[in-house]
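Okay, so here's the structure we're looking at.
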Amino acid sequence: MKKLSLLSILMATLSLLFSQASVAACGEIVLGSAISLTGKYATNGVHAKNGYEYAVQKIKDAGGVKIGDKCYNFKVIYYDDESKGDRGATLAERLISQDNVQFMLGPYSSGMTKAIAPVTEKYQIPMVEAEGASRSLFNKGYRYLFAVLSTSELYLASAVSLAAEKAEESGKKASSVKVAIAVENDPFSLDIRAGVSEDAAKFGMEVIIDEKLPRDLSDMSAILTKVKLLKPDLLIVSGHSKGAATAVSQIEEQNIKVPMIALTHCEAADVTGNYGKAADDILCSTQWDETLAYKDPMFGSAAEYNVDFKKAFPEYADKTVPYQIAQASAAVYVYMDAFQRAGSIDKEKVRDAIAATDLMTFYGPIKFSEAGNNIAKPMVLRQIQNGEYRVVAPSKFASHKINWPRM
Amino acid sequence: MSKKKITLYASILAFSIIAPFAFPDFGTQLATLWLMIIVAITWDMTGGQMGYNSLGNIFFYGTGMYVAALITIGLTYDIGDYTSAAGGGIYEFTDLEYFGGMALGILGAGVFCSLSAIVIGSLTFGLRGPYFAIGTLGVAIAAGELVANWDWVGGGQGIALPVYPGDLDTGKTFFYFLFAAVGIASFLFARWLYGTRFGAAINAIRDDEEKADAMGIHTLRYKLYTWSMAAFFVGMAGGISAFQLIHFEPLESAYQTINLGIFMVVCVLLGGKGTLWGPVVGAILFHLFKEITWNYLLGWQWVALGALIVVTVVYFQDGVMGWLEHKRPEWFGRKVEKKVVSVSQ
Amino acid sequence: MDQVLGNIDLLFQFPIVNLKIILDGIMIGALFALAAYGLALVWGVMNVKNLAQGDFVIAGGYVSWWLVQHGFPPLLGVPVAFVVMWGIGWVVYKLVITRVIERDLFTSLLATFGLAIMMAQIMNLMFGSDTQSVDLGYPTLHFFDGFIDLPIAKLIGVGMAMSLAGGVIIFMKSSRMGQAIRATAQDARAARVLGIDTEKVYAFTFSLNSAICGAAGAIIVMVWVIQPFYGISYSIRAFVIVTAAGLGNLPGVIAAGLGIGALEQYGSHIFGIGYQQAVAVMLLLLVLLYRLIQQRRNRQVLK
């Protein structure tokens, strides 16, 4: 963190020098975000914030947002919501009514987004969010909520079909697959569970364990005991970074053998860095991968984004850049595009411009449905193979073959 | 009623009506102030007047929220589909469905909570003193935990109600007046109640339950009725909150045991337990304290709050009204002989 | 519902699960029993119902965690937490508790509730809201085909809890102070008449309670995890145990502690771990209900 602030001071001084020398100073567009810097979502809250900051700086370096003949830079006001919904809502209200923020960036997690969206909706403030994936966000008819990411039922759908495929390959019926689900009791993970249950039902699979993780996500050994007894063929765990870390460490500790294990948020929890070998052959869903062939004029290709981001934030140098960062940057990019197309900083005009977004980005295509979710971008599934994340599904994007069974 | 009193009441009423227009920026805070007044007055009905200190009145607030929301949703859509984590269709409400649902929902919340007070009370009123406090606290915590695991009502993700259909400022004022109406109603009700035989009976229970029992007062019945009346108002307040907050979830906003659940007790202690005006004064003071610390001591606000509780309880237990009564007994219509040492209870 | 029946079925299908659940339950129950014993002490001696009990436990855990962060060996945490929490308990007694002893019981309940809120938040500000634990680095023993795993750290923790409880029992039985405490609990006025400085006894008892809790917390941080807001759940469990066992019944407190630990584990096995907290609170309500019925039979009320 210290390095970071030094760096940003340096950058700030540099840009100050430049702006005084060359460009007539740009105006400022203030964005607001209540984000989890402490509490159970803190890891990903920080990731998202870094993603926002990186994009803000990148856009500034490229000459800012051009509206008519004027230029603007983004500035983001952050408050720490402590991973608590009621606090998030209060802070959103504070951002809007006291700090006069006219445009919001999303918080981290579906639960927090769910708490804040009614507030932005009430004040009719557009919010482009990058970290709230639950489908239950997009059936309330919210007009001012836009999400750049794919919704959560898609996260692990390909894991279920992979399990079916593998069962058939080994001469068994897809319906013989037994599924175990352990999820956090929050909108995102409940939607993961709903998605997996729907997909499992399609194949006629039986869900033999269907449990919720304890609230602090720190211990799932009781569930793993049942896994040991009932021997499922597919184990699904979803509980953001904390849940992923607990799952990987306790699966190793209790020596759990399940042919296929699929998690969410592996990269964000840095399970390869923290648990090494224990994380091998685990499947992880991801919104984005640096090997995918997306590109845009601002950030370059996905691979270039990956390299440049690591340069700007050296603490990620020997980690996989979590997709939470990429999508946060994409959200800022959506704002830039919308402002330029709207040619105005009037919030209603900008809202309409966001709604009409049809944009190719390094993160993937972005096009919003009537309900506000991004319907243009697919999800991919990666497997950790020898400490590396390799795309294994869907087959269109797969770079490697899946290791199965996991033992 | 004396002329002085009428002027006092009239000016308070006038101020209440003008307030949201005079301070439009504080619309939400003012509405919350009425909420605090409601929960404080109703807490004092059992806590101050009857001597039964409940830590579980928040149960009625949370239950009120859920009942009101479920009635509103259930009248128009299927509740299971609406709250499903899987999402589904887009749910929109016409004005009639919204306001009609709200009216029925809030009323239903009050009625449901009153009935549930009778059921819970018939079990918990056998407990006395601290056991009653802990038992009711347990009921509230357990309810929150169970609702958080109940998928049909949304489980841990809570419920998101539709946004107020009109524009922003009318919405704020609308909820302010809803809260104010329930607040004034609960105050007038309490004022009337404490003057009746019923009021005398519950005071007798507070002072000595065994004697009251021996005198032929059916104590359990009185206790149940009192709690159920309190629960009616708290349930309605919860119902209004559900619409004002729009999105709520079980543990932090509905069954918020250590927030509002304890605030209401502190309000009453701060203002003065067992008096008519104490809860009102306490709620105003407490709300001011809370808003100030939440704005200027962000991060330390809970420490300040804990300290306020400890200091109030330990050093200032008679509250503002108790202190005033001690200092200025003539304001309370007490004749002061030359040397009366103490008139406080 | 199927889930619940399936889970019950597991208990019969694989009897070994019962052993695992009971073992886990006893281990956690031993620590509940420690916190409950402290509560029974202050409750019995000075009639203060301390709702900040769990927060003393968590604070002790953080003392130990802090030491380990600064390079001290983890086992040192237990005695240090005992001493530090003794001091904090004494300060709390002088500032708050001494003024609520003579008041009605709700006062002490509420005052300690305020204290609990304050302590939880101060710990949150000091240590952050993430869960923390201390890793002793000992291996885990596996039995029954790797089905039952018994981390050595847990065994050490339970051993320490037992020796601490034993120490306190011997102290109460044989030392002068222990006798004075018991005398005060029986009849404070008579004790005063006989020349016992009850104020001193109260201060000592409360500090001792706080120290026991602190040591329990230091053990908990080695075996499970702590978090600033976990206090309330330990307080609730302490109340359940003391209410179930009654005051001044030390073997009863320990038995109830172990029993409630095991019941809770059974509850979260059957209903799912998501119901852990709910099970703990439901146990409280059941115990209260049971006591109520018991009292009603004697035409008394639970005061």
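What follows draws every value from the coordinates through simple rules; no lab data is involved. Computed from a predicted structure; not experimentally measured. Positions of Cβ are generated from backbone atoms using ideal geometry, with glycine treated the same way; all protein chains shown enter the neighbour counts.
A compact table of results
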{"read-out": "Under 14 Å, Cβ to Cβ, from residue C:16 - net charge with Lys/Arg +1 and Asp/Glu -1", "value": "0"}
{"read-out": "Equivalent-ellipsoid semi-axes of chain A, from the Cα gyration tensor, Å, largest first", "value": "38, 22, 20"}
{"read-out": "Computed over segment B:65-135, Cα set: Rg, Dmax in Å", "value": "17.1, 51"}
{"read-out": "For A:108-120, mean number of other protein chain Cβ atoms within 10 Å", "value": "3"}
{"read-out": "Convex hull of Cα atoms in segment B:3-257, direction-averaged projection (nm²)", "value": "14.8"}
{"read-out": "For the protein assembly as shown, cysteines whose Cβ has no other cysteine Cβ within reach (under 4.7 Å)", "value": "B:113, B:267, C:213"}
{"read-out": "Inter-chain Cβ neighbour average for residues C:115-123, partner chain, 10 Å", "value": "5"}
{"read-out": "In degrees, nearest ten, helix A:323-342 long axis to first principal axis of chain A (Cα)", "value": "40"}
{"read-out": "Packing-based order for A:90-100, A:379-389, C:236-246, B:253-263, using average beta carbon neighbours within 10 Å, highest first", "value": "C:236-246, B:253-263, A:379-389, A:90-100"}
{"read-out": "Three semi-axes of the equivalent ellipsoid, the protein assembly as shown, Cα gyration tensor, whole Å, largest first", "value": "48, 38, 27"}
{"read-out": "Number of Lys pairs (Cα under 24 Å; 8 or more positions apart or on different chains) in segment C:2-297", "value": "6"}
{"read-out": "Cα gyration tensor category, rounded, prolate or oblate, for segment C:161-303 with a/c compared to 1.5", "value": "oblate"}
{"read-out": "Sequence-distant lysines (8 or more away, or on other chains) whose Cα lies within less than 20 Å of residue A:295", "value": "A:58, A:60, A:310, A:311, A:367, A:377, A:396"}
{"read-out": "Selected from A:359, B:118, A:266, residue furthest toward positive end of dipole (the protein assembly as shown; charges at beta carbon)", "value": "B:118"}
{"read-out": "Check: segment B:3-257 dipole with +1 on Lys, Arg Cβ and -1 on Asp, Glu Cβ, in debye", "value": "1300"}
{"read-out": "Per principal axis, descending, Cα span of segment C:2-297 in whole Å", "value": "63, 57, 37"}
{"read-out": "Net dipole in debye of segment C:18-155 [+1 Lys, Arg Cβ; -1 Asp, Glu Cβ; about Cα centre; nearest 20]", "value": "420"}
{"read-out": "Centre separation in Å (Cα based) which lies between segment C:133-180 and segment A:248-284", "value": "32"}
{"read-out": "Which of B:135, B:203, B:21, positive extreme of dipole for segment B:3-257 (C-beta unit charges)", "value": "B:203"}
{"read-out": "About the Cα centre, charge dipole magnitude for the protein assembly as shown (Lys/Arg +1, Asp/Glu -1 at Cβ), debye", "value": "3240"}
{"read-out": "Nearest 10 degrees, 0 to 90: helix B:95-124 Cα axis against chain B principal axis", "value": "50"}
{"read-out": "Ordering of A:145-154, A:121-130, B:209-218, A:304-313 by packing [mean C-beta count within 10 Å, highest first]", "value": "A:145-154, A:121-130, A:304-313, B:209-218"}
{"read-out": "Top positive-direction residue, dipole computed over segment C:2-297 with Cβ charges, set C:280, C:25, C:163", "value": "C:163"}
{"read-out": "Proximal lysines to residue A:40, defined as alpha-carbon separation beneath 24 angstrom and excluding residues fewer than eight positions away on the same chain", "value": "A:2, A:49, A:84, A:114, A:212, A:242, A:319"}
{"read-out": "Non-local Lys pairs in chain B, i.e. 8 or more apart or on different chains, that have alpha carbons under 23 Å apart", "value": "16"}
